[in-house]
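The values are calculated or read from the model by the stated rules, or taken from the named source; none is laboratory data. Being a predicted model, the structure only gives us computed values, none of them experimental. Cβ sites come from the backbone with ideal geometry, for glycine too, and all protein chains shown count toward neighbours.
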Amino acid sequence: MQSAVVFCGANTGANALYSEVAAELGQAMAQRDIQVVYGAGKVGLMGVLADAALQAGGKVIGVIPFFLRKKEICHEELSNLYVVDSMHERKIKMAQLSDAVIVLPGGYGTMDEVFEMLTLAQLGQGQHPVGILNINGFYNALIAQLDHMAAEGFLKPAHRELLIVADTIGELLDRLEGYQAPPKEGKWIKL
């Protein structure tokens, strides 16, 4: 794994632990020589992650749509910065630049990004391993919902397993680095 896109909030959230772990992740990725690909913001968890990776000597690539460049206060000290026309192009470019997906706490944008990557993997259009760093149980309710979707027949078990969940940075990075893509299985459930 040479690079990973990190989807996370443009806010820091209500718990200081989220920022602490975002900084630790940035440092850990730099130490493992994994370049960070992210949404190019200088604020929120995005900024904390990028600053920590850069301070640890890591490479950080940002991708931001033109219209968000001012709103998200674009980080101008990155290793590389790509300015694109739309949110859709942003996701495409970030996927092209990365080998894996890491998800930290975030809101609608983070959910949109991670579910697009999971949908592509489910449809056989993407092979990125997708991992959630479940800081302080932030994603427990989402994980329960995914399990419920599988139990109710809306997700095949193999597709439910596309999402890697870990509670620590080391475990998540190890599992992403050792990821073996499952055999392709059709999305549609036959009853």
Q | From the options Glu89, Glu113, residue that is within 24 Å of Phe154 (Cα to Cα) and of a type outside the set (Phe, Trp, Tyr) | A | Glu113
Q. Can we say Leu120 is within 30 Å of Ala16 (Cα to Cα) and assigned to a helix (DSSP H, G or I)?
A. no
Q.
Restricting to the range 1-25, count the residues that are without any contact (Cβ under 8 Å) to a residue 12 or more places away in the chain and either in contact with a helix residue (DSSP H, G or I) (Cβ under 6 Å, 6 or more places away or on another chain) or part of a helix (DSSP H, G or I) (or both).
A. 2
Q: Give the range 94-108 a look and list any residue that's part of a helix (DSSP H, G or I) and more than 11 Å from the chain's Cα centre (by Cα), or say none.
A: Gln96, Tyr108
Q: Give Val48, Val83, Val36 a once-over and let me know the one that is crowded, with 18+ Cβ neighbours inside 10 Å and either assigned to a strand (DSSP E or B) or at pLDDT below 95 (or both).
A: Val36
Q.
Quick check on this structure: which one of Lys93, Lys71 is free of Cβ contacts under 8 Å to residues at least 40 places away in the same chain and touching a strand residue (DSSP E or B) at 6+ places or on another chain (Cβ under 8 Å)?
A. Lys93
(Q) With the structure loaded, tell me whether Asp174 is farther than 17 Å from Phe7 by Cα and in a helix (DSSP H, G or I) or whether it fails that test. (A) yes
**Q.** Residue count, the range 13-48 (criterion: farther than 17 Å from Gln2 by Cα and not small (Gly, Ala, Ser))
**A.** 11
Q: Among the residues of the range 126-157, write down those that are surrounded by fewer than 14 Cβ atoms within 10 Å (Cβ to Cβ) and over 27 Å from Leu25 (Cβ atoms).
A: His148, Met149, Ala151, Glu152, Gly153, Phe154, Pro157
Q. Which one of these is under 13 Å from the mean Cα position of the chain (by Cα) and closer than 27 Å to Gly58 by Cα: Lys91, Lys71?
A. Lys91
Q: Test Ala28 against the stated conditions and say whether it is crowded, with 21+ Cβ neighbours inside 10 Å, touching a residue at least 12 places away in the same chain (Cβ under 8 Å) and within 24 Å of Ala95 (Cβ to Cβ).
A: no
Q: Hey, can you tell me all the residues within the range 137-155 that are over 25 Å from Met1 (Cβ atoms) and assigned to a helix (DSSP H, G or I)?
A: Gly137, Asn140, Ala141, Ala144, Gln145, Asp147, His148, Met149, Ala150, Ala151
